[in-house]
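The values are calculated or read from the model by the stated rules, or taken from the named source; none is laboratory data. Treat the numbers as computed from the prediction; the structure is a model and nothing was measured. In this analysis, Cβ positions are derived from the backbone assuming ideal geometry, glycine residues included, and neighbour counts consider all displayed protein chains.
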Amino acid sequence: MPRIVENALLIYTDGSLYPRGRKGGYGMVFIHVDPVGEDRIIEEYSPPGISGTTGNRMELQACIEALEKAPYVDCFQTVPRIVIRTDSQYIAKHYRYALGIWRSSGWRNFQGRPVDNADLWKEFARAYGKIHKRFDIEWVKGHGKGHVRDPYNVRADQLAKESAKSPLSRRVFRSSVRRKISPTYTKRGSVKISDQQMIIYIVEVLRMRVQKTWQYRYQVASKESPDYHNTDWIYSNEQMRDGHYYEVQVNADMGHPQVLKVIREVEAEELTANP
C-alpha cells in the first residue's frame, strides 16, 4: 500500500489508450488529506480524449493538467505539499530528470540521445514551476486486487477510459505508420550499429520538434546483414519518408544510433531483383 500522506493535495492520475485508432484519454482524482490523515475527494476530471497518441503521452498529459488545475482546487492554499500518484513507471522514473538534467541539456539524455515526448516534458516542467510548493510523484501498483487494491487508482483508471472513448480533439505528433516488411517486434538495440552502410525500410516517422531532429522506426532491408528484418529506432537530421527504402551510412554508437548520411533512395524493385 502507498505510504500515508498528511496535510496535502493528493492527486491520482491515469492515462488510457485504445490501440485501435490510437484513441487516448486521461483522468484525475483530486483529494484533500487533512493534518490527521483523513481524506476526501474534492474533484474529479475526465476531459475529451485525444486521437493519434500513445499511452505514455496520456500518462504525462494527466500529470501536466493535474499541476495546471491544482492552484484552482479549494484546499490548495491551505496545504504545504502536492503529491501525484500514478501507476506509470515511465512517469515515476523520469520526472526528476525532466525537472533537472534533461532541461539543462537541451532535452537529451546523458548519451546525447533526444528524449522522447520532450514537448510534453517541457510543459510538465513549466507547470511545476508555477506551483511553488513541495512536490512529489509516487508510483502505485495499478489495478491491484484485495488489500493492494487502491480505490482512487481504480477511479482514475475509469475516468481515463471514459476520456479515451470520446476523442474530440486531435493532436497528431506522428506521421502515418506503414506496414512492416516483416512482422518482427520493435526492439531498441536489436540492430547492431557499427559504422556500416545498409539499406533500411522506414516504418514510422516522428518529428522531434524540440530537438529539431527526426526519429525513425525502421527495418533492416539488406539481406546480407545479420540483423535482416530486425526493427529498431534511429535518429537523423535528414528527412526520409515512411514506406520508402534508403541506403544509409550509420554511426557506431549504440547509445545514440544515427543516420549520418542518406546515400540514396532505393527502389523496391532493386531488392526483389537481387534475391
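Within the stretch 189-203, one or more residues are at pLDDT 95 or above, more than 17 Å from THR231 (Cα to Cα) and of a type outside the set (Lys, Arg). Out of ASP136, ASP157, which single residue is at pLDDT 95 or above, of a type outside the set (Gly, Ala, Ser) and assigned to a helix (DSSP H, G or I)? Exactly one of ASP136, ASP157 is at pLDDT 95 or above, of a type outside the set (Gly, Ala, Ser) and assigned to a helix (DSSP H, G or I), namely ASP157.
Those strands (runs of 3 or more DSSP E) of the stretch 8-89 in which 1 or more residues are out of contact with any strand residue (DSSP E or B) (no Cβ under 7 Å at 6 or more places or on another chain) and more than 14 Å from ILE131 (Cβ to Cβ) occupy 8-18.
Conditions tested, residue by residue: (1) in contact with a helix residue (DSSP H, G or I) (Cβ under 6 Å, 6 or more places away or on another chain); (2) in contact (Cβ under 8 Å) with a residue 60 or more places away in the chain; (3) more than 20 Å from ASP136 (Cβ to Cβ); (4) assigned by TED's automatic domain parsing to the domain that holds PHE76.
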| site | (1), (2), (3), (4) |
| --- | --- |
| ASP14 | yes, yes, no, yes |
| TYR18 | yes, yes, yes, yes |
| ARG22 | no, no, yes, yes |
| TYR26 | yes, yes, no, yes |
| VAL29 | yes, yes, no, yes |
| HIS32 | no, no, no, yes |
| PRO35 | no, no, no, yes |
| ARG40 | no, no, yes, yes |
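For the stretch 37-62, which residues satisfy the criterion of being on the phi > 0 side of the Ramachandran plot and either out of contact with any Asp or Glu (no Cβ under 9 Å at 6 or more places or on another chain) or surrounded by 24 or more Cβ atoms within 10 Å (Cβ to Cβ) (or both)? The answer is GLY52, and nothing else.
Screening TYR235 against (1) of a type in the set (Ser, Thr, Tyr); (2) surrounded by 14 or more Cβ atoms within 10 Å (Cβ to Cβ); (3) within 17 Å of LYS180 (Cα to Cα) leaves a single unmet condition, (3). Evaluate the following for ARG179: is it among the basic types (Lys, Arg), outside any loop (DSSP other than H, G, I, E, B) and farther than 29 Å from TRP102 by Cβ? No; evaluated as a whole, the condition is false for this residue. Considering only the stretch 4-36, state which residues are surrounded by fewer than 20 Cβ atoms within 10 Å (Cβ to Cβ) and over 29 Å from VAL177 (Cβ atoms). Listed by number, the residues that qualify are ILE4, VAL5, GLU6, ASN7, ASP34, PRO35, VAL36. For the stretch 100-139, residues that are of a type in the set (S, T, N, Q), in contact (Cβ under 8 Å) with a residue 60 or more places away in the chain and crowded, with 16+ Cβ neighbours inside 10 Å total 1. Restricting attention to the stretch 99-156, the residues that are of a type in the set (Val, Ile, Thr), touching a strand residue (DSSP E or B) at 6+ places or on another chain (Cβ under 7 Å) and closer than 29 Å to ASP39 by Cβ total 3.
Against the condition assigned by TED's automatic domain parsing to the domain that holds HIS143 and buried (at least 22 other Cβ atoms within 10 Å of the Cβ), how does GLN77 come out, does it pass? It is false that GLN77 is assigned by TED's automatic domain parsing to the domain that holds HIS143 and buried (at least 22 other Cβ atoms within 10 Å of the Cβ). One residue alone among GLN215, GLN211, GLN239 is within 28 Å of the chain's Cα centre (by Cα), under 17 Å from LYS187 (Cα atoms) and outside the structural domain of ASN109 (by TED's automatic domain parsing), and that residue is GLN215.
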